[in-house]
1. Among the residues of region 137-150, count how many are farther than 25 Å from Val63 by Cα and more than 7 Å from ligand 2 (Cβ to nearest atom).
2. Among the residues of region 1-39, write down those that are open to solvent by 90 Å² or more (accessible area, probe 1.4 Å) and among the polar types (S, T, N, Q).
3. So which residues in region 99-133 are hydrophobic (A, V, I, L, M, F, W, C) and within 27 Å of Glu169 (Cβ to Cβ), if there are any at all?
4. Can you find a residue in region 9-24 that is under 16 Å from the mean Cα position of the chain (by Cα) and more than 16 Å from ligand 2 (Cβ to nearest atom)?
5. Can you give me the number of residues within region 119-130 that are out of contact with any Leu (no Cβ under 9 Å at 6 or more places or on another chain) and surrounded by 14 or more Cβ atoms within 10 Å (Cβ to Cβ)?
6. Among the residues of region 187-210, are any open to solvent by less than 30 Å² (accessible area, probe 1.4 Å), away from ligand 1 (no atom under 16 Å from the Cβ), among the polar types (S, T, N, Q) and in contact (Cβ under 8 Å) with a residue 24 or more places away in the chain?
7. Would you please name the residue that is nearest to Lys28 (Cα to Cα), looking only at residues in region 68-77 that are touching a strand residue (DSSP E or B) at 6+ places or on another chain (Cβ under 7 Å) and buried (at least 18 other Cβ atoms within 10 Å of the Cβ)?
8. Which residue pairs have Cβ atoms under 8 Å apart, sit 6 or more places apart or on different chains, and have a first residue in region 36-56 that is more than 6 Å from ligand 1 (Cβ to nearest atom) and a second that is among the small types (Gly, Ala, Ser) and in a helix (DSSP H, G or I)?
Amino acid sequence: IPALSIENLSKSYDNGFEALKGISLEVKQGDFFALLGPNGAGKSTTIGVLCSLVAKTAGKVAVFGIDIDDDFPAAKKCIGIVPQEFNFNHFEKVLDIVINQAGFYGLPAGIARQRAEKYLRELGLWDKRDVSARMLSGGMKRRLMIARALVHEPKLLILDEPTAGVDIEMRRSMWDFLKKINAAGTTIILTTHYLEEAEALCRNIAIINHGKIVENTSVRSLLKRL
Ligand code: ADP
Ligand code: ADP
């Protein structure tokens, strides 16, 4: 079963704009997959459909064989999503943000606490656990978003432009972290508009432009042709 399967997905917004014009994609389990495209191509819309923030107009989406229309809660358990916006409560403490997220997934308090500690440590945020999230730098907020998305240990991690606005040094340490969790078995999909990021991290790539997939291949064979 693929980690993610998208068939003929389309999305027209209320104003009639067709952001996705029937895209199809398959991401295998264990893959590190890039959805690459310029601003406005439809990347965030695709992610929005996956976390049901955006209602699709047509098409089928399945996560590990679970159709999101059949059983969204079950599908959601398999996915961790890191959207572009910092959508945590900025007045909450770092540790509480991660622990509360675990609560949404029904994890017992002891496990929630253990996992929160594990991921905050791995992401270099443990020293900040008692700090209000609004005090964090942009790079730290991004890492907090990642820790929060991982606390229920999803089989598929989806990141929307994970290193946008992150400086080069920080980008490299985030890349290393993502490589490590992919090597440990988590399937990763990220959107990016940097080919360099896809090249550094990903095995397979789909290029989206104007709501259509214009290329779907391995990163290696794409680079050979450029
Ligand atoms: P990307 O993430 O690749 O930059 P998006 O998925 O955010 O692209 O946007 C795709 C297109 O859909 C853009 O042209 C954008 O302006 C448009 N769009 C996004 N959200 C809405 C909305 N709520 N209503 C109308 N158009 C939208
Ligand atoms: P910025 O102020 O540029 O946003 P951050 O506040 O995000 O930078 O980074 C603060 C410090 O945390 C940096 O010195 C960085 O090297 C360190 N750091 C970043 N990522 C990790 C990580 N995954 N593990 C451990 N430390 C990290």
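The values are calculated or read from the model by the stated rules, or taken from the named source; none is laboratory data. Keep in mind the model is a prediction, meaning the values are calculated, not measured. We place every Cβ from the backbone using ideal geometry, glycine too, and count neighbours over all the protein chains shown. SASA here: full protein model, heavy atoms, side chains in, ligands and nucleic acids out. Shrake-Rupley method; radii C 1.70, N 1.55, O 1.52, S 1.80 Å.
1. Qualifying residue count, region 137-150: 1.
2. Asn8, Asn15, Gln29, Asn39
3. Applying the first criterion (hydrophobic (A, V, I, L, M, F, W, C)) to region 99-133 yields 99, 102, 104, 107, 109, 111-112, 116, 120, 123, 125-126, 131, 133.
Scanning region 99-133 gives Ala116, Leu120, Leu123, Leu125, Trp126, Val131, Ala133.
4. The answer is no, given that none of the residues of region 9-24 is under 16 Å from the mean Cα position of the chain (by Cα) and more than 16 Å from ligand 2 (Cβ to nearest atom).
5. So the count comes out to 1.
6. Checked against the condition, which is being open to solvent by less than 30 Å² (accessible area, probe 1.4 Å), away from ligand 1 (no atom under 16 Å from the Cβ), among the polar types (S, T, N, Q) and in contact (Cβ under 8 Å) with a residue 24 or more places away in the chain, region 187-210 yields at least one hit.
7. Step one: filter region 68-77 for residues touching a strand residue (DSSP E or B) at 6+ places or on another chain (Cβ under 7 Å), giving 68, 74-75.
With buried (at least 18 other Cβ atoms within 10 Å of the Cβ) added as a condition, the list becomes 68, 75.
Numbers: Ile68: 17, Ala75: 16 Å.
Here the residue is Ala75.
8. Correct list of pairs: Leu36/Ala198; Val54/Gly48.
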